[in-house]
Amino acid sequence: MESERWLRSHGCAELTTAHAGSEVVLGGWVHRRRDHGGIIFIDLRDRSGLVQLVFNPAVNPGAHGVAVCLRGEYVVGARGLVTLRPAEMINPGLPTGAIELYPEAITIHNPAKTPPIYIEPDSQVDEAVRLRYRYVDLRRPDMQWRLAMRHRVVKAIRDYLDEHAFLEIETPQLTRSTPEGARDFLVPSRVYPGRFFALPQSPQLFKQLLMVGGLERYFQIARCFRDEDQRGDRQPEFTQLDLEMSFTSEATLFALLEGMFDHVYRTALGTGVRTPFTRLPWAEAMRRYGTDKPDLRFSMGLVDVSAAAAAGGFRVMQATVAGGGGVFGLVAPGCAGWSRKEIDGLVDRARELGAQGLAWLAVGEGEVRSPIAKFYTAAQLQDLLEALEARPGDLCLLAAGQGYAPCKVLGALRCELGEKLGLAQGPDAFVWVTEFPLFERDEAEGRLNPAHHPFTAPHPEDEGLIEADPLRVRSRAFDLVLNGVELCSGSIRIHRRELQERVFSAIGLPPDEARAKFGFLLEAFEYGTPPHGGVGFGLDRIVMLMARVDTIREVIAFPKTTTANCLLTGAPAVVDPKQLEELELKTGGRA
């Protein structure tokens, strides 16, 4: 058959000097065409890379006649002998730069229009155009490298967990709607009119039931769906490494997952990560960094200077500390020489973040420039600088308030200053943030919500506080954070019915409603449930950070936009009215 005549024998970049004199058949896209006085050079590209084809009317006239017609992104097949380039023509910047191909024959599999995107790394093209023509965008080398790396990451995860006796088990994509923090995507049932399946936000309940079922070690590269507002690191559908383990503890899970990350980095990037990872209780993370997602690539920790700040005559700080609040400081190294306009910009930014104001001290050699210096004696001012551990040349920022409010403001400024000062450039910094609160208060509705999810176990020392003082209950939940980005949430789970019902009651879920929504889980707990725990990793985020890009859209083959639509296919779209009739649904007249 004619088509078999053009079956590819090698990838373009697989050819080396060892193939010289061999006949090969190549297939790919015309990457670049150059005409040098009648001799035509074509860079042929496939997924493996580039190789140069040469068409000389004196050497391969038949093929040359076809090459005259070739244009960028034509898909062609070429057959001929691999030839060594003359020494002076070797291209050291190309893996195949020592060889070339003089095709004896060439065929055009498919011509192409001029593409809307240059097939070059980091081509500056509007993202909407890239997403609209994603099938062209995917040809770019950087996109292909990222997706190939994603493949290596997933394979490394599977290999590692297989070696540690985990089983990969699929869980349902059509399930029951349950309250898990985000809105569900609902799927109407044709067979049961008026009833709906929900696409899973995560396999949380099913993986716990697998532990009840005695599988002991489960994982899944799971597709998850959440109908929530989008941003750079969110999509309505995403991929999660889901993992659950029986008879485990936080320390056991941490050691397992740290080993997995080291293996993944070595496999995908050729370099490991430093273990063990830092561990930081949630309350300490909030005090020191103002966030539960601290970026530890640089120091600049927050300092509690309440005593020193309240010792002077500055009434705002005195009143805050007297009222049970605190004063926290942040030291920006080398920024004492900033202009008043630059410093005022920080004050304005602090107000945007919710602060009432921001005090500052620019530390010089033997002097301090600050609008609040007049409220302190020389000795008191020195005590304040010593509490801040400030040095000449530093700019000190102070925020006062109740609870963690001043820490959150300074924490946000810390991250922005870290980027501006070029401090957030160190090696990847992993940190486990542990002991999150079990509950948080919904200020709008005044009720308690689970800080993670309602299946998280409370700290054993705090179980007695669930009814008495629920906001003081620490959980056995933890997050893994990398460079200020949350990679995963996990926890040791509740495995006793009595304790699960107490948590449901604390969040205002009546017994009858709890049985209606989670009766199958509560019943399962009565049939011998082992202690267990697990995590859910955002796989897209992991690959995004490893690839050093700013959005997960860069590591997903066909992502949605920030408004959750697909420019390539036009989804979501209006459907045939007959389909709605079959489902007994009405759209309310909106198209």
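Only one entry in E461, E445, E498 is open to solvent by 60 Å² or more (accessible area, probe 1.4 Å), without any contact (Cβ under 8 Å) to a residue 40 or more places away in the chain and outside any helix (DSSP H, G or I), namely E445. Restricting K560, K586 to those that are among the basic types (K, R) and over 30 Å from A268 (Cα atoms) reduces the list to K586. Among the conditions (1) assigned to a strand (DSSP E or B); (2) open to solvent by 30 Å² or more (accessible area, probe 1.4 Å); (3) under 23 Å from L296 (Cβ atoms), A399 misses just one, which is (2).
For region 135-151, the count of residues that are in contact (Cβ under 8 Å) with a residue 60 or more places away in the chain, over 30 Å from D442 (Cβ atoms), in a helix (DSSP H, G or I) and among the acidic types (D, E) is zero. For region 454-475, the count of residues that are under 29 Å from D540 (Cα atoms), touching a strand residue (DSSP E or B) at 6+ places or on another chain (Cβ under 8 Å) and acidic (D, E) is zero. Of the residues making up region 152-178, those that are assigned to a helix (DSSP H, G or I) and open to solvent by 50 Å² or more (accessible area, probe 1.4 Å) are R152, K155, R158, D159, D162, E163. When G536 is tested against the conditions (1) open to solvent by 20 Å² or more (accessible area, probe 1.4 Å); (2) under 30 Å from A457 (Cβ atoms); (3) touching a Gly at 6+ places or on another chain (Cβ under 9 Å); (4) not β-branched (V, I, T), the lone failure is (1). Scanning region 116-131 for residues that are touching a residue at least 60 places away in the same chain (Cβ under 8 Å), aliphatic (A, V, I, L, M) and part of a helix (DSSP H, G or I) gives A128, L131. Inspection of region 274-289 identifies at least one residue that is closer than 14 Å to C407 by Cα, of a type in the set (D, E, K, R) and touching a Cys at 6+ places or on another chain (Cβ under 9 Å).
Restricting T107, T96 to those that are open to solvent by less than 60 Å² (accessible area, probe 1.4 Å), assigned to a loop (DSSP other than H, G, I, E, B), touching a residue at least 60 places away in the same chain (Cβ under 8 Å) and under 30 Å from H10 (Cα atoms) reduces the list to T96. Here is the figure for region 327-357: residues that are under 31 Å from the mean Cα position of the chain (by Cα) and either over 14 Å from V409 (Cα atoms) or open to solvent by less than 40 Å² (accessible area, probe 1.4 Å) (or both) total 11. Quick check, is L384 closer than 23 Å to A285 by Cα and either assigned to a helix (DSSP H, G or I) or open to solvent by less than 50 Å² (accessible area, probe 1.4 Å) (or both)? Criteria met by L384. Assigned to a loop (DSSP other than H, G, I, E, B) and within 30 Å of L256 (Cα to Cα) - does that describe any residue in region 512-523? Taking every residue of region 512-523 in turn, none turns out to be assigned to a loop (DSSP other than H, G, I, E, B) and within 30 Å of L256 (Cα to Cα). Sub-7 Å Cβ pairs linking a first residue in region 357-386 that is modelled with pLDDT of 95 or more and aliphatic (A, V, I, L, M) to a second residue that is open to solvent by 60 Å² or more (accessible area, probe 1.4 Å) and part of a strand (DSSP E or B), at least 6 apart or interchain, are A362/R369, ordered by first then second residue.
Can you tell me which residue is most open to solvent (accessible area, probe 1.4 Å) among those in region 9-26 that are among the aliphatic types (A, V, I, L, M) and not in a helix (DSSP H, G or I)? Checked region 9-26; the qualifying residue most open to solvent (accessible area, probe 1.4 Å) is A20. Where helices (runs of 4 or more DSSP H) fall wholly inside region 218-326, the ranges with 1 or more residues that are more than 30 Å from K374 (Cβ to Cβ), open to solvent by 20 Å² or more (accessible area, probe 1.4 Å) and of a type in the set (A, V, I, L, M, F, W, C) are 250-269, 282-289. Annotation: of all residues in region 464-482 being aliphatic (A, V, I, L, M) and assigned to a strand (DSSP E or B), the one that is nearest to L256 (Cα to Cα) is L480. Quick check: anything in region 417-429 part of a strand (DSSP E or B), open to solvent by 10 Å² or more (accessible area, probe 1.4 Å) and aliphatic (A, V, I, L, M)? No: region 417-429 contains no residue that is part of a strand (DSSP E or B), open to solvent by 10 Å² or more (accessible area, probe 1.4 Å) and aliphatic (A, V, I, L, M). Does T271 satisfy the criteria of being among the hydroxyl-bearing types (S, T, Y) and either farther than 16 Å from G484 by Cα or in contact with a helix residue (DSSP H, G or I) (Cβ under 9 Å, 6 or more places away or on another chain) (or both)? Here the answer is yes, as T271 does meet what is asked. Close contacts from region 402-425, counting a first residue that is within 14 Å of C335 (Cα to Cα) and a second that is open to solvent by 50 Å² or more (accessible area, probe 1.4 Å) and among the hydrophobic types (A, V, I, L, M, F, W, C), with Cβ to Cβ under 8 Å and a gap of 6+ residues or different chains, come to L413/L353; L417/L423. State yes or no: is P121 modelled with pLDDT under 95 and surrounded by 15 or more Cβ atoms within 10 Å (Cβ to Cβ)? Spelling it out, it is not the case that P121 is modelled with pLDDT under 95 and surrounded by 15 or more Cβ atoms within 10 Å (Cβ to Cβ). For D540, only one of the following conditions fails: (1) under 22 Å from S489 (Cβ atoms); (2) among the charged types (D, E, K, R); (3) part of a loop (DSSP other than H, G, I, E, B). What is its number? Just one mismatch for D540, condition (3).
The values are calculated or read from the model by the stated rules, or taken from the named source; none is laboratory data. What you are looking at is a predicted structure, and each value in this text was computed from that prediction instead of being measured. Heads up, the Cβs are rebuilt from the backbone with ideal geometry, glycines too, and the neighbour counts pull from every protein chain shown. Ligands, DNA and RNA are stripped out before the accessible areas are found, and what is left, the full protein with its side chains, is counted by its heavy atoms. Shrake-Rupley method; radii C 1.70, N 1.55, O 1.52, S 1.80 Å.
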